[in-house]
Each structure stands twice: as structure tokens, then as C-alpha cells.
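The structure appears right after this line, and notes come after that.
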Amino acid sequence: MIRLLYPLIFSMAIIPEADKHLENLQSVAQTARMTVKYIRDGMDGFHSNVMDFYQIINERGKQGQEPSS
């Protein structure tokens, strides 16, 4: 896989201001990585809260179905 990148790397070495372009690309990649992390964390938190809510609803439903003596 790395060998496929050699022509790209060599062509980037010839391009003027390649460092600037790579810094921009790195910034975009880092932003995308952090966005994915935040979305994943948010979904995990949401799932956890929904499961807690579901358990509370089930417990209340079971308490309401029990015959009173």
C-alpha cells in the first residue's frame, strides 16, 4: 500500500507550497476525526440514556400490573 503512495509523495515534493497544502489536509483530517469521535460519544450516551429510560418504564409497568391485596 505504501508503495502506491511513492509517486504521490515524490510529486508533492516538487509542488511549491506542498507543506501548506499538507497542513491544511492534516487540519481537515483531524477535524473529521474529532467530529466522528464526538458523534460516536453522543450516540453512546444517547443509547445509555434510552436503555435506562426503558428499564424504568418496564419497572413501572410491572408494578402497575401486580394485583393489590
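The values are calculated or read from the model by the stated rules, or taken from the named source; none is laboratory data. Here the structure is a predicted model, which means the values were calculated and not measured. FYI the Cβ positions are ideal-geometry reconstructions off the backbone, even for glycines, and counts take in every protein chain you see.
Kindly indicate the residue of region 1-34 that is at pLDDT 85 or above and not in a helix (DSSP H, G or I) and also nearest to the chain's Cα centre (by Cα) among those meeting that condition.
It comes out as 17.
Is it the case, given these coordinates, that residue 41 is modelled with pLDDT of 95 or more and in a helix (DSSP H, G or I)?
Working: modelled with pLDDT of 95 or more: yes; in a helix (DSSP H, G or I): yes.
Against the criterion (modelled with pLDDT of 95 or more and in a helix (DSSP H, G or I)), residue 41 qualifies.
Is at least one residue of region 37-45 closer than 30 Å to residue 9 by Cα, surrounded by 10 or more Cβ atoms within 10 Å (Cβ to Cβ) and without any contact (Cβ under 8 Å) to a residue 12 or more places away in the chain? Explain how you work it out, then say what you get.
First, the residues of region 37-45 that are closer than 30 Å to residue 9 by Cα: 37.
With surrounded by 10 or more Cβ atoms within 10 Å (Cβ to Cβ) added as a condition, the list becomes 37.
Checking which are without any contact (Cβ under 8 Å) to a residue 12 or more places away in the chain leaves us with 37.
Yes, region 37-45 contains at least one residue that is closer than 30 Å to residue 9 by Cα, surrounded by 10 or more Cβ atoms within 10 Å (Cβ to Cβ) and without any contact (Cβ under 8 Å) to a residue 12 or more places away in the chain.
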